[in-house]
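The values are calculated or read from the model by the stated rules, or taken from the named source; none is laboratory data. Everything numeric here is computed off the predicted structure, so don't read it as measured data. Cβ placement follows ideal geometry from the backbone for every residue including glycine, while neighbour counts extend to all protein chains displayed. When the accessible area is computed, the model is the full protein with side chains, heavy atoms only, and any ligands, DNA or RNA have been set aside. Shrake-Rupley method; radii C 1.70, N 1.55, O 1.52, S 1.80 Å.
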Amino acid sequence: MRVGMVCYPTFGGSGVVATELGKALAKKGHEVHFITYDQPVRLGSFRPNVYYHEVRISKYPLFDYPPYELVLASKMVEVARQQKLDLLHVHYAIPHASSAYTAKQILKHSGVHLPVITTLHGTDITLLGKDPSFEPVISFAINQSDAVTAVSSSLRSDTYKLFGINRDIEVIPNFICPKHFVNLGSAHNRSEFAREDEALVCHVSNFRPVKRVEDVIRTFALVAEKRPARLLMVGDGPDRPAAERLAREMDIADRITFLGKLKNPLEALAIADLFLLPSESESFGLAALEALACGVPVVATEAGGLPEVIRHGVSGMMAPVGDVERMADDAAFLLSPENHDKFRKQALKRASAFHIDVILPHYLKAYERILSHQATT
Ligand code: GMT
């Protein structure tokens, strides 16, 4: 198959999922053409069957806002024609699904049918869905896609609740590629960040309000009252200054290291004892899955799709949003010597359910379905 893969090329989960999916498809012999405004961060070096087409936006003085979605649609048309794409897989509804619709209509005029599969990742639905100015375009783009997938059942229900959707949405969860988790332990020495008797707690996110990073600090402060502990904060974003300020105000700044954005956040997870994810909403929680795959139990909120990833009382614990006391108690419970090893093993076992070899066939079947539908119509 020749697949056009459209995503945000940044550190966000949707870009990571799209890039790893593209790489896995290429390894199986499919031709994958990434169409993005920058090289996807996880793409790495060149490899067989993977191609990158840059969407370039010229800055004309006439435009206050460059029309990115139109340039993207033109690029989709160009790549589809030149590379003879079989289908387009777009990640994130806005603007990718609507640009794909435009591209599809343009191609239709020259007798080319280009099926489009849209994967919904979360904030495109849970945050943008609350903004009425996007609603008509998102609903239309979803309804016009040839197939739609969502990364959790929770996200699928939110999509039906927030938009006028009249079509099936298939749930295909996020996944992990086990090879990324091999030899991680040797990248950094745990002793550089924590003493043997200190628990090493970790948080990874884009520090947006939805992640509630101040709850990470508050929860950690309570944990640190119960036992010796240190916190690694990985990532950057709008709420980082507030989190750093809170750490100083609570007088625990000397126990917290803000590492900023890391090329490979898995290296920090690999030396951690516990992962904290107190999000307000989280359609899946790829970072939580990556923690589990490092054998790190997770304390999270019971928001969105997180209960579909973490088994409460098995691979981690979940609490209501904002309940930092309960999250601190859960963290202390998981870190206790009598529980920690057991939960580490159960975390690893849970992560194996999301192995790429388990998830990839679902995407391949969805591709085959839209291609066979096209052949019969
Ligand atoms: O977590 C973010 O804010 C980034 C965002 C994205 O669009 O890249 O992540 C979303 O998609 C990920 C991949 O499917 C999911 O694992 C994340 O849970 C989801 N984020 C939210 O729902 C907040």
Suppose we filter segment 143-168 for residues that are assigned to a helix (DSSP H, G or I), within 16 Å of the ligand (Cβ to nearest atom) and closer than 20 Å to Ser99 by Cα; how many remain? 1
Count of segment 92-136 residues which are modelled with pLDDT of 90 or more, away from the ligand (no atom under 16 Å from the Cβ) and outside any helix (DSSP H, G or I): 7
Residue hits (segment 1-60; open to solvent by 30 Å² or more (accessible area, probe 1.4 Å), within 17 Å of Leu360 (Cα to Cα) and within 16 Å of the ligand (Cβ to nearest atom)) are Gly13
Go through (1) open to solvent by 10 Å² or more (accessible area, probe 1.4 Å); (2) within 18 Å of Ala288 (Cβ to Cβ); (3) touching a Lys or Arg at 6+ places or on another chain (Cβ under 7 Å) for Asp239 and report which single condition fails. (2)
Just to be sure, is Asp251 on the phi > 0 side of the Ramachandran plot and open to solvent by 40 Å² or more (accessible area, probe 1.4 Å)? yes
What are the residues in segment 178-234 that are surrounded by fewer than 19 Cβ atoms within 10 Å (Cβ to Cβ), in a loop (DSSP other than H, G, I, E, B) and of a type in the set (Gly, Ala, Ser), if any? Ala187
Go over the candidates Gly313, Gly304 one by one and state the one that is on the phi > 0 side of the Ramachandran plot, open to solvent by less than 50 Å² (accessible area, probe 1.4 Å) and touching a residue at least 12 places away in the same chain (Cβ under 8 Å). Gly304
If you take the residues of segment 320-377 that are at pLDDT 95 or above, polar (S, T, N, Q) and assigned to a helix (DSSP H, G or I), which of them is surrounded by the most Cβ atoms within 10 Å (Cβ to Cβ)? Gln346
Out of curiosity, is Val71 at negative phi and in contact with a His (Cβ under 9 Å, 6 or more places away or on another chain)? no
